[in-house]
1. Report yes if some residue within region 289-308 is in contact (Cβ under 8 Å) with a residue 12 or more places away in the chain and within 21 Å of G119 (Cα to Cα); otherwise report no.
2. Do we have I97 as aliphatic (A, V, I, L, M) and either at pLDDT below 95 or not in a helix (DSSP H, G or I) (or both) here?
3. Name the residue that is farthest from V222 (Cα to Cα), counting only residues in region 263-297 that are among the charged types (D, E, K, R) and out of contact with any helix residue (DSSP H, G or I) (no Cβ under 7 Å at 6 or more places or on another chain).
4. Tell me which helices (runs of 4 or more DSSP H) are completely within region 315-384 and hold 3 or more residues being surrounded by 14 or more Cβ atoms within 10 Å (Cβ to Cβ), or say none if there are none.
5. Out of contact with any Gly (no Cβ under 6 Å at 6 or more places or on another chain), at pLDDT 95 or above and charged (D, E, K, R): does that describe R79?
6. Taking interchain pairs and intrachain pairs at least six residues apart, which have beta carbon atoms under 8 angstrom, with the first residue in region 347-358 and of a type in the set (F, W, Y) and the second surrounded by 14 or more Cβ atoms within 10 Å (Cβ to Cβ)?
7. Criterion first (in contact with a strand residue (DSSP E or B) (Cβ under 9 Å, 6 or more places away or on another chain), touching a residue at least 24 places away in the same chain (Cβ under 8 Å) and surrounded by 24 or more Cβ atoms within 10 Å (Cβ to Cβ)) does L150 satisfy it?
8. Please go through region 259-298 and give me each residue that is loosely packed, with under 13 Cβ neighbours inside 10 Å, in a loop (DSSP other than H, G, I, E, B) and either among the hydrophobic types (A, V, I, L, M, F, W, C) or in contact with a strand residue (DSSP E or B) (Cβ under 8 Å, 6 or more places away or on another chain) (or both), ordered by number.
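The values are calculated or read from the model by the stated rules, or taken from the named source; none is laboratory data. Remember, predicted model here, so these are calculated numbers, not experimental data. Here the Cβ is made from the backbone with ideal geometry for all residues, glycine too, and neighbour counts use every protein chain on show.
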Amino acid sequence: MVLAPYATEPAHSRGRLHPSPSSGPRDAFQRDRDRIVHSIAFRRLRHKTQVFVAPDGDHFRVRLTHSLEVAQIGRTIARALGLNEDLTEALCLAHDIGHPPFGHSGESALKRAMGKAGGFDHNAHTLRILTRLESQYPHHAGLNLTWETLEGLAKHNGPVLDPPWALAEIDAEWPLDLLGQPSLEAQVASLADDIAYDNHDIDDGIRAGLLTVEDALTVPLVAQAWDGVRRNWPGIPPERLTGELVRDQIGMMVADLIEESRRRIAAAAPATIADVHAASGPLIGFTQEMAMAERVLKRFMYARLYHHPRQLEVAEQAGGIIAGLAQAYLAEPTLLPDRWRDALPTDEPGRTRHIGDFIAGMTDRYAVARYREVVGPVEMPEGA
């Protein structure tokens, strides 16, 4: 496929921090994608919360399946816009690698526990894992990804004016142009993430019994998609049409995004990737109408699903597990596994950050098991 002139070309990559000779049929971004897929951190996403804390549940999305769905949506958009699909896929697959156990409740608890050491931010921790903690090579730490992949992960939500400590450390070693606009591939990855969880969380919420189709139909965007589904599938019981609703709604949002992004790109007329970085704002986005509809959907999801009393109760338990683990390990580092204990820095903030790295890398079920080992009994849901 011939890429658009404003796409990110692997042949023009700024390279890797540690020189690495290229061989075989894969280009630089394909190699980045494969390094991410084969990493331990990526495999751990299988047992990390997306929305529901269910360590052994088979029917709800987890960080791994969510990341795969984001990548599928991202590649579709990238292809339609003439962007680099492999870089887009790499960014989509890696964007959640920095999440600690138990999703946002776990992150909030870890951020508080690490407050005196600079706090915790999952986006910055993604970069820390990929450049520091994930070590599979004999001569350097990290996966040694290309500048473009690291830059896209650092800025997939836009320019970073005040980087957290973890990102600031990496940027000091290899500047990532944090104040410029991200690549179009990174912008696509960010919105593919929104499209995926906006829609798939509805599916999981209905499956969990916390939402009904009737609840969701109070959202105009969902009602519009539902009307189309019922017209296309008359006589089919509503409970058989949830999947069709989610698919059609994803299709509506993707089509809107592609059309609006083409309009913005045509208006800005970027001739090179440098023009993208220098643009005054993002060139990938929804129309104003869809952006407003998407915000209404998000508000509904927060009110009716993410902040559902049952969810908040489990989130409080999960946060307590992370807080308890942090308190135990900070008070008595000898409780750490040998490898982590042997590498423990003696000074702050390195000591707290090291313990934070250990906790953030845990899966949900490993965190529960370690809590029971070093703190005491705890009851958590074992699947649904």
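1. Scanning region 289-308, I find no residue that is in contact (Cβ under 8 Å) with a residue 12 or more places away in the chain and within 21 Å of G119 (Cα to Cα), so the answer is no.
2. On the way: aliphatic (A, V, I, L, M): yes; either at pLDDT below 95 or not in a helix (DSSP H, G or I) (or both): yes.
So I97 fits the description; yes.
3. At the first step, the residues of region 263-297 found to be among the charged types (D, E, K, R) are 263-264, 275, 289, 294-295.
Applying the additional criterion that residues be out of contact with any helix residue (DSSP H, G or I) (no Cβ under 7 Å at 6 or more places or on another chain) yields 263-264, 275, 289, 295.
Numbers: R263: 25, R264: 26, D275: 37, E289: 14, R295: 12 Å.
For region 263-297, the residue satisfying everything is D275.
4. On the way: elements: 338-342, 350-360, 364-374.
Fully inside region 315-384 and qualifying: 350-360, 364-374.
5. Here the answer is yes, as R79 does meet what is asked.
6. F358/Y329; F358/L336; F358/W340
7. Details: in contact with a strand residue (DSSP E or B) (Cβ under 9 Å, 6 or more places away or on another chain): no; touching a residue at least 24 places away in the same chain (Cβ under 8 Å): yes; surrounded by 24 or more Cβ atoms within 10 Å (Cβ to Cβ): yes.
Judged against the criteria, L150 is not a match.
8. Within region 259-298, A269, A271, A278 meet the criteria.
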